[in-house]
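Just so you know, all these numbers are worked out from the coordinates, no wet-lab data involved. Remember, predicted model here, so these are calculated numbers, not experimental data. Here the Cβ is made from the backbone with ideal geometry for all residues, glycine too, and neighbour counts use every protein chain on show.
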Amino acid sequence: MKKKTLYDAIIVGTGPGGATVARELARQNRNVLILEWGNRTPINGTMQQALQNTGIPFKNVLFTYNMLSMVRSTTTGGSSVYYYATAFDPPLDMLQSYGIDISQETEEARQELPIAPLRDDLIGPMAKRIMNSAQDLGLGWKKLNKFVYQERCRANCDLCNLGCPHDAKWTARNFIDDAEKHTASVITNARVKKVLFDGRTAIGVEYTKNMMPSKAYAKKIIIAAGGIGTPVILANSGFQTVGKEFFFDPLIVALGEVNDISGGREFPMATGFHFENDGYMMTDMTVPLPIYLGFAAEVFRWDRLTAHPRTLTIMIKEKDHLGGRLTSRGGVRKKLDPIDKKSLLHGYERAKIILKNAGARHIFKSWYTAAHPGGTAKINDVVDTDLKTEYDGLYVCDCSVIPESFGLPPTLTLIGLGKRLSKHLTSKI
Ligand SMILES: Cc1cc2nc3c(=O)[nH]c(=O)nc-3n(C[C@H](O)[C@H](O)[C@H](O)COP(=O)(O)OP(=O)(O)OC[C@H]3O[C@@H](n4cnc5c(N)ncnc54)[C@H](O)[C@@H]3O)c2cc1C
């Protein structure tokens, strides 16, 4: 009979949370197994591949009863493969109020990763026009930090929306590649179903690959399947309080046509401003034609379908209230709170002023969407300050542990949490 391998750690999921833990442990020579539901096909920057990894209804695009759509990617690197690579500072004070300090780990990440605002020549004319208009109105709109290797980034290119085939955008795949160069093994197309226990200790996971059930065993199990994937695995493993009272950072975009720019291919979210007191942030967000067509079609603006090359787009993303629940299969049941809706519409009125000042006409807004599900297995509820669950050897490290909504893109925060957890784990294995 084949002898079963006992790994030091199994990491489930390869988004920024899981990939960071995997990479740090592998660099410390720990024997790591990474299990990822998605594929690892090289990113080719095509819409067809992006749709396979991030566009499948009810797997990647989840809908609430009010038809708010929420997007997540299932591929190696998780949603970071298709993210806009904007590096917002972690909510250090909020985490500190829970007894978690990731300031040192965030600093380490800043030293290792290419975090900086884009060079002027990489910022598109639409983002510049929006920033100039906002600044002209006295707003503190500025260039935002990005996770980008700028020497490989190209002007007039929007392939970062489709994963970036030029390897200019840092994604969590980079950490998985690094982990594999050290001691990690990666199994893709492996969907983890549940955690295996011996009494009060986690000892392994059960997963399916090519329809075949399989098991893997380790001293430590780290679930990092994202804000939706993690609570599904934990619920299957007997956890009762997961997947409730979560945030998902709802957003709308405001769009308006100018007559002196013809473009539409830019790095989105290059510039912006956090209106902290109003509970939302705004950025430029020029998107590729098919996504633009989706924004116009979902609100029946057929008259706008041909205006993509001339349309300035501003995203308004909200810090929403905790609420809702996930179904056992990860269905999203959350209504947009009336206060949250009011706040988004307040942002829209402000975006209209910026667009008008930039010379835009025919201004309209999209329907609601969301992109950062989290708080589904919170610190102080499902995990403790070491990100450990009530079971020995079982940890969680992804957006699901964030205890409060903070309304900003969370990747740098997750890298900080992943580094902190890996330090804790290396002292134990
Ligand atoms: C369009 C878009 C733009 C964004 N832009 C930004 C940005 O500019 N800046 C920023 O900071 N953030 C951005 N984000 C958000 C950011 O990408 C996510 O918050 C981040 O990737 C979450 O990381 P995570 O580790 O929690 O999990 P995820 O990235 O969700 O990764 C989870 C992984 O687990 C895998 N998985 C799920 N279930 C299972 C299972 N049962 N078994 C095995 N594997 C499983 C998934 O396939 C996935 O690979 C954006 C998101 C989107 C969708």
So, restricting to strands (runs of 3 or more DSSP E) that lie completely within region 206-303, which ones have at least 1 residues that are touching a Cys at 6+ places or on another chain (Cβ under 9 Å) and touching a residue at least 60 places away in the same chain (Cβ under 8 Å)?
212-223
Considering only residues that are within 13 Å of the ligand (Cβ to nearest atom), farther than 22 Å from Thr208 by Cα and of a type outside the set (A, V, I, L, M, F, W, C), which ones fall in region 18-54?
Thr20, Arg23
Only residues that are more than 14 Å from the ligand (Cβ to nearest atom) and under 20 Å from the mean Cα position of the chain (by Cα): list them for region 380-395, please.
none
Looking only at region 396-417, decide whether some residue is more than 13 Å from the ligand (Cβ to nearest atom), touching a helix residue (DSSP H, G or I) at 6+ places or on another chain (Cβ under 7 Å) and assigned to a strand (DSSP E or B).
no
Scan of region 19-58 for residues that are among the aromatic types (Phe, Trp, Tyr) and either buried (at least 16 other Cβ atoms within 10 Å of the Cβ) or closer than 13 Å to Thr426 by Cβ (or both), ordered by number:
Trp37
Within the set of pairs 6+ apart or on separate chains, which have a first residue in region 55-80 that is more than 11 Å from Ile228 (Cα to Cα) and without any contact (Cβ under 8 Å) to a residue 60 or more places away in the chain, a second that is assigned to a strand (DSSP E or B) and within 12 Å of the ligand (Cβ to nearest atom), and C-beta atoms under 6 Å apart?
Val61/Ser69; Val61/Val71; Thr75/Asn39
For region 104-116, which residues satisfy the criterion of being touching a residue at least 40 places away in the same chain (Cβ under 8 Å) and not charged (D, E, K, R)?
Thr106, Ala109, Leu113, Pro114, Ile115
Among (1) charged (D, E, K, R); (2) surrounded by 18 or more Cβ atoms within 10 Å (Cβ to Cβ); (3) over 29 Å from Asp158 (Cα atoms), there is one condition Glu266 misses while meeting the rest; what is its number?
(3)
Search result, residues across region 169-217 that are among the acidic types (Asp, Glu) and either crowded, with 19+ Cβ neighbours inside 10 Å or within 14 Å of the ligand (Cβ to nearest atom) (or both)
Glu206
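Say we look at region 126-155 and pick out the residues that are of a type in the set (Gly, Ala, Ser) and surrounded by 14 or more Cβ atoms within 10 Å (Cβ to Cβ); which of these is nearest to the ligand (Cβ to nearest atom)? Don't jump to the end; show me each part of the working.
Looking only at region 126-155, we keep the residues that are of a type in the set (Gly, Ala, Ser), and these are 127, 133-134, 138, 140, 155.
Add one more test, that the residue is surrounded by 14 or more Cβ atoms within 10 Å (Cβ to Cβ), and what stays is 127, 133-134, 155.
Numbers: Ala127: 14, Ser133: 22, Ala134: 19, Ala155: 19 Å.
Among residues in region 126-155 that are of a type in the set (Gly, Ala, Ser) and surrounded by 14 or more Cβ atoms within 10 Å (Cβ to Cβ), the one nearest to the ligand (Cβ to nearest atom) is Ala127.
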Would a scan of region 350-372 turn up a residue that is assigned to a strand (DSSP E or B) and within 21 Å of Gly13 (Cβ to Cβ)?
yes
